Amino acid sequence: MKIKFESVKDDERVKEWDAGSQIRHIGNFLADPNSMVLTYGRLQYLFGEPLYTTDDLENAYDYFILGTDEEGNTYQLTAYHGPTGPAIGGDSDDPQVVKAAEELEKYINAADYVDYDYEGIYHDYDVTVKFGIRDGVPYMEEGEMDGEDFDLTEFE
């Protein structure tokens with residue numbers, strides 16, 4: 001299945017969007033902590049800025065992605081950073097949408113990435129989080145809200 005993907009940023013179109021539920025993760029944070037950082041850089045490379053961003057790590061950004069296959073069928077997907085990290089959402093009960101989500105993940109993972117910086121809060125642990133890509137190198141920094149260092153990898 002060959003699908004062309006585009007970011008939808010029109011508020012009126014997004015109001016009618018069927019965001020569905022999580023279909024699959026993008027990358028694997030526990031196996032490679034850089035996958036979370038690289039995913040956002042890849043999404044920005046492919047689709048520009050997301051429709052919205054927040055400083056809440058469990059709701060960091062959201063892209064509304066329309067996939068169109070060679071036969072003109074369309075698939076409404078979201079690429080977002082939620083409570084479990086970067087993921088793709090959509091109508092998980094529709095096998096064609098699930099297949100489109102698989103193709104979107106491949107498309108994202110094969111992409112180049114851009115430099116960026118993100119600062120947010122992981123509210124479950126009152127942790128500040130900074131991550132991004134500088135000069136092509138991914139980084140991630142954590143700290144407690146009171147300024148002490150904190151390491152998210154201790155929960156692996």
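Quick rundown of the values:
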| item | result |
| --- | --- |
| From the options GLY72, GLY67, GLY90, GLY85, residue that is assigned by TED's automatic domain parsing to the domain that holds GLU16 and over 17 Å from GLU6 (Cβ atoms) | GLY85 |
| GLY132 being in contact with a strand residue (DSSP E or B) (Cβ under 6 Å, 6 or more places away or on another chain), modelled with pLDDT of 90 or more and either crowded, with 16+ Cβ neighbours inside 10 Å or in a strand (DSSP E or B) (or both) | yes |
| Qualifying residue in the range 48-56 (condition: in contact (Cβ under 8 Å) with a residue 60 or more places away in the chain, surrounded by 15 or more Cβ atoms within 10 Å (Cβ to Cβ) and touching a His at 6+ places or on another chain (Cβ under 7 Å)) | no |
| Any hit, the range 58-71, residues being exposed (fewer than 15 other Cβ atoms within 10 Å of the Cβ) and over 22 Å from LYS9 (Cβ atoms) | yes |
| Test result for TYR40, of a type in the set (Phe, Trp, Tyr), surrounded by 15 or more Cβ atoms within 10 Å (Cβ to Cβ) and under 22 Å from GLY132 (Cβ atoms) | yes |
| Selection status of GLU70, farther than 21 Å from PHE131 by Cβ, at pLDDT below 90 and charged (D, E, K, R) | no |
| Selection from the range 79-91 of residues that are β-branched (Val, Ile, Thr) and either outside any strand (DSSP E or B) or over 21 Å from ASN34 (Cα atoms) (or both) | THR84 |
| Qualifying positions in the range 4-47 - in contact (Cβ under 8 Å) with a residue 60 or more places away in the chain, among the small types (Gly, Ala, Ser) and outside any loop (DSSP other than H, G, I, E, B) | SER21, GLY41 |
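The values are calculated or read from the model by the stated rules, or taken from the named source; none is laboratory data. As the structure is a prediction and not an experimental result, all values here were calculated from the model. Note that we place each Cβ from the backbone using ideal geometry, even for glycine, and neighbour counts take in every protein chain shown.
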